[in-house]
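Nothing in this text is a laboratory measurement; each read-out follows from the coordinates by a stated rule. Predicted model only: the values in this text are computed from it and were never measured. Please note: Cβ atoms are built from the backbone with ideal geometry, for glycine as well, and neighbour counts cover all protein chains shown.
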Ligand code: PMP
């Protein structure tokens, strides 16, 4: 997972979108005094657009849910949202048309940077949209550990706010993991129970039941988890949303990281405890990918379409 995210950051796409206007990527700047920098006031969403199997159209998954979660982050931080859902999805689609390529899926980051305002007075944000190519193949199983760093509590930096500042702890945890030769880390909350991964939610499987912690344990309200729950419900796989102790992680039969980029990546090891990577997690991952590539349809899982012939880049 770490390598995918860093690959995204290393790409230099041609364009970014600022409040709906396409601009050269290197020409998008931010002032040193913006609260986005001085107080880490930026919130974002990471969306993914998938090619269908025939490569006729790119489908941007759950755009309205992403817009609504961005609005919730903005509301919690008193950042006015100056664009409608229709504008949001139109601007995302225009960037996909400008950057999309038939040989890759694309990950879209929509970031609201607070560019004007002071301690809550006159707050104004820009919506900057960037896009990075993603390879078609899903991530291989990962080895992870439990970090010594903790997810901040709802009273300090709520997990529900998808703020860039929330990823400072995630970054420390990933660096801790890298030093231990691991692919990613799991963050516990202040009670020592499982919160989530550094950029994804955590699921475990015990005796055929999928278990995932609720948002109140310090997990982001995840769209991927909601979709996986719908697949499981259709396919008769029981799902429980409840707290998970650290020791329960180690006795789980299976585990996986669920998120827009991670999709559902099986975990082969947690702190050296081996997990089965060929069971329910892998099954759900495969069904999830069928859904993304339009080989399966589930009511309530929505896409915004960008047709292959509207791609302007080559
Ligand atoms: N937790 C964190 C910290 C994340 O960054 C993400 C990715 N957005 C998730 C969970 C999963 O959320 P989603 O399925 O909506 O991408």
*If you take the square roots of the eigenvalues of the alpha-carbon gyration tensor of region 178-221 and sort them as a ≥ b ≥ c, do you get rounded (a/c under 1.5), prolate (a/b over b/c) or oblate?*
oblate
*Rank 260, 123, 212 by mean-square fluctuation in a GNM of the chain with C-alpha springs under 10 angstrom and give only the top-ranked residue.*
123
*Calculate, for residue 310 and residue 155, the FRET efficiency according to 1/(1 + (r/R0)^6) with r their C-beta to C-beta distance and R0 45 Å; round to the nearest 0.05.*
0.45
*So how far, in whole Å, is the C-alpha centre of region 233-248 from the one of region 124-167?*
22
*Return the FRET efficiency for the residue pair residue 234, residue 55: r is the Cβ-Cβ distance, R0 is 25 Å, and the value is rounded to the nearest 0.05.*
0.40
*asked:* Between region 41-60 and region 190-217, how far is it from one alpha carbon centroid to the other, in angstrom?
replied: 25
*How large is Rg over Rh for the chain, taking Rg from the Cα atoms and Rh as the Kirkwood inverse mean of 1/r across Cα pairs?*
0.95
*If the chain between residue 178 and residue 10 were fully stretched, how many nm would it gain, using 0.36 nm times the residue separation less the Cα-Cα distance?*
58.6 nm
_Once R0 is set to 41 Å, what does the formula 1/(1 + (r/R0)^6) return for the Cβ-Cβ distance between residue 68 and residue 271, expressed as a FRET efficiency to the nearest 0.05?_
0.70
_Difference of contour (0.36 nm per residue) and Cα-Cα distance, residue 278 to residue 25_ = 86.9 nm
*GNM top mover of 299, 290, 57 - the chain, alpha-carbon springs below 10 Å*: 299
*asked:* What does the extension gain come out to for residue 37 and residue 290, with contour length at 0.36 nm per residue minus their alpha carbon separation?
replied: 87.1 nm
*Please grab the % of Cα pairs in region 169-250 that end up more than 22 Å from each other.*
27
*For region 265-311, what value does the Rg/Rh ratio take when both radii are computed over Cα atoms and Rh is the Kirkwood radius, given to two decimals?*
1.20
*Before rounding to the nearest 500, sum -39500 (n - 2.57) across all DSSP H runs of length at least 4 in the chain and divide by the residue total; then give [θ] at 222 nm in deg cm²/dmol.*
-8000 deg cm²/dmol
*Report, for the chain, the % of DSSP beta bridges that are antiparallel, rounded to 5.*
85
